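*Asks:* The structure under discussion is supplied below as structure tokens; questions concerning it will follow.
Any read-out appearing in this document is the output of simple, stated calculations on the displayed coordinates, not a laboratory observation. Because the structure is a prediction, the values reported are computed rather than measured. With ideal geometry, Cβ positions are generated from the backbone for all residues, glycine too; neighbour counts draw on all protein chains shown.
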Amino acid sequence: WRCLVEGLEREEKKRWGSLPAGEALYGTAGFRDRADRLGRVVFRVGVLAALRARATRGKTDSSLACLPLSNYVSPPFSSLSLSLSSPAASVGVMITASHNPVQDNGVKVVEPLGEMLVQEWEDFATRLANASTETLGKVVEEIAEAAGLDPGLPSKVLLARDNRPSGDCLRELLVSGAELAGAECNDYGVLTTPQLHYMVRCVNTGGRYGAATEDGYYDKLSSAFHQMVPECPESPSLVKVDAANGVGGASMRKVMGGVRGEWLKVELCNDGSGILNDQCGADFVKSGQKAPKGVEFLAGDRCASFDGDADRIVYFWKNQGDLFSCIEYQPFSVFLQMDSFSCWMGTRLRLLQPSLFTSNSRNFRSLSPSWWGMSGVPRGSLTKRPISLGSVVIPPGVVQTAYANGGSTAFLEKLLGVPVACTSTGVKHLHHKAASFDIGVYFEANGHGTVLFGSRAQEKLSVAAKDAGVSEAVQRAASLLYAMSQLVNQAVGDAVSDLLMVEAILIHKKVVKDRMVVKTTDFERNCVSPEGLQEAIDTLVASKPRARSFVRCYIQQLKLHVSWLKISEVKRKNSENSRWVSHIQPSGTEDVVRVYAEAETQALADELTVQVAAKVFDLAGGTGETPTR
Ligand code: G16
């Protein structure tokens, strides 16, 4: 260590003389500051990464290489059973300041499986960054001793940077620090943050997670997208993407090179010619509830914003007419909270695993078979025999933070019966918690999020997808979920893969061919078309005390389809008559059939809503991937 430390001290003096100790803090996502104040910190993060790689490598030598990761990596990974394929663990370092202005920069360390740096080493990082030049060597030796490091062990650091102008200079300092601390460096150049996380995971799993190249990343995503959506939709989805003038634009463009245009089209805006994160990007849109500059869109267009390093995504759109003009600071759009992503995914995961619903969800137990038909499971199969993927049910869970919209939490917990956990802000906390579920969905309201499939869940899915002993529907559900596990970035939230996943889910949603077939009279209380629907509603209503229900089509000259999975549930108690009402109400002016129901209890109102919705699906021409009739 002495020899290594002397080299470091010499370099420090040469570059920074005797600058006083700093006041940097390894925060929510590493160090962030104005780029011109960050040089010495980045140099020292190079040193830290070289030490951290030794710490993981030292414990993954031949005797431990095949054991579950939980045996030798700190607690955040204890629920992952993926083992490193070789004793040569590498760590990653990403140079980015994400959503912050272009004059800023930042640096963060990535663990061997692509997660955020473990807590103990965050403290080491802060100590190292704040040491004076004179005490630097001493701090390095203290860390090495505390972590039991062997200076003779090799060490490898994988690095990348976003497209900030300061990135190149900081990269040079990072490599210098890492090499002086004995590491070999592999520079991937300009990448998104999630791509670097992906590379690190690929390298450390010997390619089992994917090929550790840019092309490997794009190929994996595009082929998983097509596996999730095997049949060409009637018309391609179109999304306008605000890339914040960051690194995500290039990544999106390249991945779209492998995605068939008949499935999905992406129109890129703010793709690098403007100033990074300047009046654009996910944080601008989310915090300001405003459209980004540089994106022209009409009512009904679906738009998404990335942040500068493409680890966040938010969706937004403009409302039709003046429906929301009363919300003065939000005149242009209804903003789609990220919590809705959790809801979509929670819905998707639950719908594909119907056997779960017999356990704890009163509401879902009572759903009609045709509801399941909409999700890819043959109608009738639920009530006749429980479906399971192999012998083990794979329970999903959702993780949110205090910022999550309360409605989304209630929807997930009460309607879907999905357990929802809450953690402190920070991907590192959410990710850790999500890994405790077999399938863990996590999203922060600001746009970070992903879905983690534990190795046990992945194995079950891949077996069930090919198991001749299960029904075709189970095989299909399992292979769809398996494809989702390949599409979504398991290391960290990834705007590009999240976008593809959301679009795949939206393509998958079940539709009726033409919502305009639903026609009503009597102030929308009586449905005259399609034939038989009103009679069916009357029968359902008569079966429940104090019940009422109607369906209506929002009359506008829109074509398209009915969305069934994009549900925002609205519940309230009508104080005048003490009846509960329940809607399935996708949104204000979307192309949907609305279903309204009320009944004596909330449970009955919920039940009636879905029963009527199922009738609409049956009688108004529900279409989509399955329905096996
Ligand atoms: C980072 C973290 C996120 C966190 C965000 C804001 O994101 O990865 O988990 O939500 O900072 O954190 P805070 O509220 O503490 O400022 P990013 O996209 O900026 O790297």
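*Asks:* What order do you get for F550, F43 when you list them from fewest to most C-beta neighbours inside 10 Å? Let's see the in-between values first.
*Replies:* Values: F550 20, F43 26.
Lowest count first: F550, F43.
*Asks:* Convert each backbone phi in the range 266-278 into a coupling constant with the Karplus relation 6.51 cos²θ - 1.76 cosθ + 1.60 (shift: θ = phi - 60°), then list the ³J(HN,Hα) values in order as whole Hz, x for Gly and Pro.
*Replies:* 10, 9, 8, 10, 6, 9, x, 7, x, 7, 3, 6, 8
*Asks:* Using modelled backbone amide H atoms (1.01 Å from N, in-plane), which distant-in-sequence or interchain residues come within less than 5 Å of E267's amide H?
*Replies:* V239, K240, V241
*Asks:* Give me V259, V595, V47 ranked fewest to most by other Cβ atoms within 10 Å of their Cβ, as a rough exposure proxy.
*Replies:* Least to most surrounded, the residues fall as V259, V595, V47.
*Asks:* Rounded to whole Hz and in sequence order, give me ³J(HN,Hα) for the range 237-245 from the Karplus expression 6.51 cos²θ - 1.76 cosθ + 1.60, θ = phi - 60°, writing x for Gly and Pro.
*Replies:* Per-residue couplings from phi come out as 6, 10, 10, 9, 10, 8, 8, 6, 6 Hz.
*Asks:* Here's another thing I want to ask about it. Given H placed 1.01 Å from N in the peptide plane, which residues other than close sequence neighbours of Y209 have an amide H under 5 Å from its amide H?
*Replies:* none
*Asks:* Here are some pairs, K108/K254; K318/K615; K108/K156; which of them have Cα atoms lying more than 20 Å apart in this structure? Provide the component values of the computation, followed by the final result.
*Replies:* On the way: K108/K254 25 Å; K318/K615 31 Å; K108/K156 16 Å.
From K108/K254; K318/K615; K108/K156, over 20 Å: K108/K254; K318/K615.
*Asks:* Here's something else I'd like to know. When ranked by the protection proxy of mean other Cβ atoms within 10 Å per residue, highest first, what sequence do the peptides 265-271, 438-444, 303-309, 48-54 form?
*Replies:* On the way: 265-271: 19.6, 438-444: 25.7, 303-309: 30.1, 48-54: 28.4.
With the highest mean Cβ count within 10 Å placed first, the list reads 303-309, 48-54, 438-444, 265-271.
*Asks:* Applying the Karplus parametrisation 6.51 cos²θ - 1.76 cosθ + 1.60 with θ = phi - 60° to the phi angles of the range 215-226, what ³J(HN,Hα) value in whole Hz is obtained for each residue in order, glycine and proline being reported as x?
*Replies:* With coefficients 6.51, -1.76 and 1.60, one gets 4, x, 5, 5, 5, 4, 5, 5, 6, 5, 4, 5 Hz.
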